[in-house]
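Comments concern the structure below.
What follows draws every value from the coordinates through simple rules; no lab data is involved. In this text the structure is predicted, and so the values were computed from the model without any measurement. In this analysis, Cβ positions are derived from the backbone assuming ideal geometry, glycine residues included, and neighbour counts consider all displayed protein chains.
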Amino acid sequence: MASWSCLVTGAGGFLGQRIIRLLVEEKELQEIRALDKVFRPELREEFSRFEGKTQLTLLEGDILDEQFMRKACEGTSAVIHAASVIDVFNVIPRETIMNVNLKGTQILLEACAQASVPIFIYTSTLEVAGPNSYTEIIQNACEEQHLETKWPAAYPCSKKLAEKAVLAANGWALQDGGTLYTCALRPMYIYGEGSPFLYGFIDHALKNNGILPHNSKSSIVNPVYVGNVAWAHILALRALRDPKKAPNIQGQFYYISDDTPHQSYDHLNYNLSKEWGFSLDSRMSLPVSLKYWLAFLLEIVSFLLSPIYRYQPPFNRHNVTLLNSVFTFSYKKAQQDLGYEPLFSWEKAKQKTVEWIGSLVEQHQEAQERKTQ
């Protein structure tokens, strides 16, 4: 195959880094453009070690800068759009989330059309599908069910609208007379070494005698390891470049899970950290129904205070639902169309994550020792 190039947005993020690490192994790939707002010095150093037959170009800039995005797309053969503002707890201003997640995606799609980039892969999220109610049980769901979130919260709303824009852009005419082909991947909750969410839980527990927060005991979900999500992006890219496979994939979305056991978010955190002495909070917690209506009252208080004071409730109905639902998905369609099989087993994913948590524990102990000296 002729040499080609790929632009990855959000390349400095938790998932983006993994996509870059797998992309450098791709045959005939001449250049990877890694784009993010800013790259940490240690990541720059790591990326510099990838330099070999594939040229790795780091681009720092704003996804809302139309001129910058057009320039970033020029001469590339494919785009993997993994950049996103993730906000489960409604702490980031709505305008920021809608701008980056929706407007940024629209700007990038336009840039692809003008620069004649024929392939666009979008990193969507499970949250575009729901859950909409903690009382509704959804197990082993598939793409044909057309589940859709009803929450007005900025994150699921922005991702849902951005995904719709990406899939609607499939078939667009490009500047050079070619055609744009798109697809979207909807990963489950992503865990693994470097996970910002997992880091937050472990950091909380380290400051709290090793006791993990206990706020999702009612949920049953199928989390997915970060390395497997990155692998699904590589397979989607290969499939869209394959004339035989591409027609089945164009304009489609895919749920991405793996063989991680179905469990609650709390039990996932516990299973990954118990080796280091962490335990779940054994205190009684409020029934989910009561917590939900309490969240509703807090949202009303927040709304009433909004003209004079920005009150941020500790939880809301959306995250109470998200953390306490039975909501699992099959990766069968990705298996059939993309040839997706998890690259990492649950045992391997668990081992890597447990080792990383061990390094966090070690860093914490060293910091404590320095304080006492």
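Peptide packing for 293-306, 150-163, 90-103 was compared via the average number of neighbouring C-beta atoms within 10 Å per residue; ordered from the highest value, the list is 150-163, 90-103, 293-306. Taken about its Cα centre, the chain carries a charge dipole of roughly 480 debye when the Cβ of each Lys and Arg holds +1 and the Cβ of each Asp and Glu holds -1.
Of PHE197, HIS318, ALA334, whose Cα points farthest to the positive end of the dipole of the chain (charges on the beta-carbon: +1 Lys, Arg; -1 Asp, Glu; origin at the Cα centre)? Value computed over the given set: HIS318. Output the pairs from LYS150/LYS244; LYS159/LYS332; LYS274/LYS348; LYS164/LYS245; LYS27/LYS164 with a Cα-Cα distance over 25 Å in this structure; if there are none, say none. From the list (LYS150/LYS244; LYS159/LYS332; LYS274/LYS348; LYS164/LYS245; LYS27/LYS164), the Cα-Cα distance tops 25 Å for LYS150/LYS244; LYS27/LYS164.
Among 183-193, 281-291, 200-210, how do they line up from the highest to the lowest mean number of other beta-carbon atoms within 10 Å? Write down the numbers at each step before the final one.
Working: 183-193: 23.5, 281-291: 12.1, 200-210: 15.6.
Top of the packing list down: 183-193, 200-210, 281-291.
Between the residues ALA78, LEU43, VAL221, the greatest Cα displacement towards the positive end of the dipole of the chain, with unit charges on the Cβ of Lys, Arg, Asp and Glu, is found for VAL221. Amide H contacts of PHE253 (H built 1.01 Å from N, in plane; Pro and chain starts excluded): ALA184 sit under 5 Å, all sequence-distant by 5 or more or on other chains. The relative contact order of the chain comes to 18 percent, based on Cα pairs under 8 Å that sit 6 or more residues apart. For the pair the range 263-298 and the range 3-78, the centres of their Cα atoms are 38 angstrom apart.
Dipole of the range 224-282 computed with +1 at Lys/Arg Cβ and -1 at Asp/Glu Cβ about the Cα centre; of GLN263, ALA230, SER282, farthest Cα towards the positive end is ALA230. Here LYS371 is the anchor, and the lysines within straight C-alpha reach of less than 18 Å, apart from those fewer than 8 places off in the same chain, are LYS207.
Need one number: % antiparallel among DSSP beta bridges in the chain, to the nearest 5. It would help to have the intermediate numbers written out before the result.
Working: 2 of 41 bridges.
Here the antiparallel bridges make up roughly 5 percent for the chain.
For the listed peptides 73-79, 251-257, 27-33, a ranking on the average number of other beta carbons within 10 Å per residue, highest first, reads 251-257, 73-79, 27-33. The alpha carbons of the chain give a radius of gyration and a Dmax of 21.1, 69 Å, in that order.
Calculate the FRET efficiency for TRP346 and MET284 from the Cβ-Cβ distance with a Förster distance of 25 Å, rounded to the nearest 0.05. Before the final figure, lay out the partial values.
Numbers: r = 31 Å, r/R0 = 1.24.
The pair TRP346/MET284 has a calculated efficiency of 0.20.
Shown here are the Rg and Dmax of the Cα trace of the range 90-246, at 18.2, 62 Å.
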